[in-house]
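Take a look at the structure below.
The values are calculated or read from the model by the stated rules, or taken from the named source; none is laboratory data. Note that the structure is a prediction, hence the values are computed from the model and not measured. Cβ atoms come from the backbone with ideal geometry, glycine included; neighbour counts cover every protein chain shown.
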Amino acid sequence: MAARQTRHAIPGLGRTATTDLPVLKPLSRPVAGPTATEWLAGLPWWTALVLMAPVMLWPFYVQAAGKFTVITAFGTLGKWVPFLFMSGFLFNILISMFAMLFGTLAGAALGLGQVSKFAFINRPSWFFTQLFRNSPWLVILFIVLLALPFEIVIFGFIISIPDWMKAVFGLSLPIMANISEIVRGAVQSVPTAQWEASESLAFTRRQTMWRIILPQCFKRMIPPWMNWYAILTMATPLCSLLGVEEIITLSRQAMEAENNHPELLVPFYSFALVLFFIYCYPIARITVALERRYAVKL
Amino acid sequence: MAEWTEKDPIVSIQDVHKYFGELQVLKGVSLDVMKGEVVCIIGPSGSGKSTLIRCVNALNDIQGGVIKVRGIDLTDPELDKLALRKRVGMVFQQYNLFPHKTAMENIMMAPMLVLKENEEEVRQRARDLMKKVRLEGKEDAYPGELSGGQQQRVAIARSLAMSPDVMLFDEVTAALDPETVKEVLVTIKDLAQEGMTCILVTHEMGFAREIADHIYFTDNGVIVEHGPPATFFSEAKDPRTKEFLSQIL
């Protein structure tokens, strides 16, 4: 009893500790860390099965309604699966990879621009970063689609720009802006003492940046970078609004080819959902795992 | 401007004023350091000691007065900071080693990148420096694998690799365990005995008394009292110095 009371009397053990002194709370979120991905990675693996449930169960409901049989629904979807996957989903992945490639290259340059000591570089870099970070992706996509010509003429050669290339360009812009913020955040997360140590050894600013600062924050940039790749992949269906023949566009076309049975909507879109989940879920898990690993050793 | 000669002070600080915004941290500080001299700056926290030595390698700029290192005027708007820093080595309280480089790489980087010296020569010199700071066998260790005292000795070796004329030590033992303080102090003492010009900001009174040629006591942005250790500790006249010494000794 006495022991119990003692235990009870220790703040934080028996009861919640309180203080009127200022308290430094643990950092709950990394500066540029994942949020959407954390949530996604937090889902248990059987979420995939739950998501698949509509695909499985919908036909039963439809059968009960007496219009479509299980066999017809499955058969219809099954017939289109290879096409939707090979021509549709893989194209989404291709778009996401190109957009990520260009977004990363441009974003790295823009991020370095943001930490430049020259105002004529860091101000515009900051502006473009904020502009594309805070604009709806769909609006950016529409502007890119309408603003870019469908063909350009260089030295008499006519080079046509297909819609999917415009989509890649449009998607790479918000990615660029967010990568830029990751680079800026990571560079600024390196203690100023490292700058001072390099300065006192007579390193130039460029040498300090490339030899000392960037190598230290490279690892820290990987998890948020992967996070943005997952978000980008999930955003690729936006391209269907531009007429790019990716999985959602093809699903719609396939359903039209199957006489637009409304009963097909849920199975077809759920199939796309499951594909994206299977692709993005491991990325989210790895991101969170890497984040934990790199968070320890600063 | 007259060329610097060995008879002139290697570091000359004249009536230096330094502000951080509205706050004035140095209020007219003057001191001269001759080549080969060891100078200790002591004083209570916030008295401007660290700021003063950070001004000597232009990590901080000054708003009034003149600092000259080997005749290089630090207030010159055309000052070549890199040329200055090749001559002035600095060791920090928190070591500030590069965590992604091994001890050897930490030492070799600046001579190779800044002085563009031959890699093999630099490697040999770095090995010798590791020996000098008594860290043989730790060449390939990363800073994270070394104790505080060992890291600080690598930091000293890193500065020495640039063959500076002056070494600045900014409270280099303040972050160390009592047991490891000694190994760092021994390293500094070796250096001082070899004739390296050293300016130390320190709280180690015993050490200051042992190695310093001259001790300066700063308080509130001014030098209150100074003198050789023999007289400084026993014949302090200023009441602030007396009070400080009575608390420490």
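Among the residues of region B:43-61, those that are away from chain A (no Cβ under 14 Å), buried (at least 22 other Cβ atoms within 10 Å of the Cβ), outside any helix (DSSP H, G or I) and of a type outside the set (Ser, Thr, Tyr) comprise B:GLY43, B:GLY48.
Apart from one condition, A:ARG220 fits all of (1) more than 14 Å from every other protein chain (Cβ to nearest Cβ); (2) charged (D, E, K, R); (3) within 30 Å of B:VAL172 (Cα to Cα); the exception is (1).
Selection within region B:70-84: residues that are closer than 30 Å to B:GLY148 by Cβ and in contact (Cβ under 8 Å) with a residue 24 or more places away in the chain. The member of this set that is nearest to the other protein chains (Cβ to nearest Cβ) is B:LEU82. Applying the set (1) in contact with a strand residue (DSSP E or B) (Cβ under 7 Å, 6 or more places away or on another chain); (2) facing chain A (nearest Cβ under 9 Å) to B:MET109 leaves exactly one unmet item: (1). Got at least one residue in region A:196-208 being at the interface with another protein chain (Cβ under 10 Å from one of its Cβ atoms), under 25 Å from A:ARG123 (Cα atoms), aliphatic (A, V, I, L, M) and without any contact (Cβ under 8 Å) to a residue 40 or more places away in the chain? No, that holds for no residue. Checking each residue in region A:218-238 for being modelled with pLDDT under 90 and either of a type in the set (A, V, I, L, M, F, W, C) or crowded, with 22+ Cβ neighbours inside 10 Å (or both) picks out A:PHE218, A:ARG220. Does region A:106-116 hold any residues that are in a helix (DSSP H, G or I) and more than 16 Å from the chain's Cα centre (by Cα), and which are they? Residues satisfying the conditions are A:ALA106, A:ALA108, A:ALA109, A:LEU110, A:GLY111, A:LEU112, A:GLY113, A:GLN114.
The criterion of being more than 13 Å from chain A (Cβ to nearest Cβ), in contact with an Asp or Glu (Cβ under 6 Å, 6 or more places away or on another chain) and buried (at least 21 other Cβ atoms within 10 Å of the Cβ) does not hold for B:GLY65. Which of the residues spanning region A:178-204 are part of a helix (DSSP H, G or I) and either touching a Cys at 6+ places or on another chain (Cβ under 8 Å) or over 20 Å from B:TYR95 (Cα atoms) (or both)? Matches in region A:178-204: A:ASN178, A:ILE179, A:SER180, A:GLU181, A:ILE182, A:VAL183, A:ARG184, A:GLY185, A:ALA186, A:VAL187, A:SER189. Which of the residues belonging to region A:174-195 are within 14 Å of chain B (Cβ to nearest Cβ) and not β-branched (Val, Ile, Thr)? The answer is A:ALA186, A:SER189, A:PRO191, A:ALA193, A:GLN194, A:TRP195. Of all residues in region B:112-134, those satisfying the criterion of being within 13 Å of chain A (Cβ to nearest Cβ) and under 29 Å from B:SER50 (Cβ atoms) are B:LEU113, B:VAL114, B:LEU115.
When A:LEU148, A:LEU171, A:LEU214, A:LEU141 are screened for being surrounded by 13 or more Cβ atoms within 10 Å (Cβ to Cβ), within 14 Å of chain B (Cβ to nearest Cβ) and out of contact with any Cys (no Cβ under 6 Å at 6 or more places or on another chain), only A:LEU214 passes.
Pairing residues of region A:215-239 that are within 10 Å of A:SER96 (Cα to Cα) with residues that are crowded, with 20+ Cβ neighbours inside 10 Å and not hydrophobic (A, V, I, L, M, F, W, C), at Cβ distances under 6 Å and at least 6 apart in sequence or on separate chains, gives A:ALA230/A:THR37; A:LEU232/A:SER96; A:THR233/A:SER96; A:THR236/A:ASN92; A:THR236/A:SER96. Among the conditions (1) in contact with a Lys or Arg (Cβ under 6 Å, 6 or more places away or on another chain); (2) crowded, with 18+ Cβ neighbours inside 10 Å; (3) farther than 30 Å from B:MET167 by Cα, A:MET255 misses just one, which is (1). Inspection of region B:207-220 finds no residue satisfying the criterion of being surrounded by 22 or more Cβ atoms within 10 Å (Cβ to Cβ), among the hydroxyl-bearing types (Ser, Thr, Tyr), within 27 Å of B:MET130 (Cα to Cα) and at pLDDT 85 or above.
Of all the residues in region B:85-104, those that are more than 8 Å from every other protein chain (Cβ to nearest Cβ), touching a helix residue (DSSP H, G or I) at 6+ places or on another chain (Cβ under 9 Å) and either surrounded by 23 or more Cβ atoms within 10 Å (Cβ to Cβ) or not in a loop (DSSP other than H, G, I, E, B) (or both) number 4. Against the numbered list (1) more than 27 Å from B:ILE156 (Cβ to Cβ); (2) hydrophobic (A, V, I, L, M, F, W, C); (3) assigned to a helix (DSSP H, G or I), B:ALA208 comes up short only at (1).
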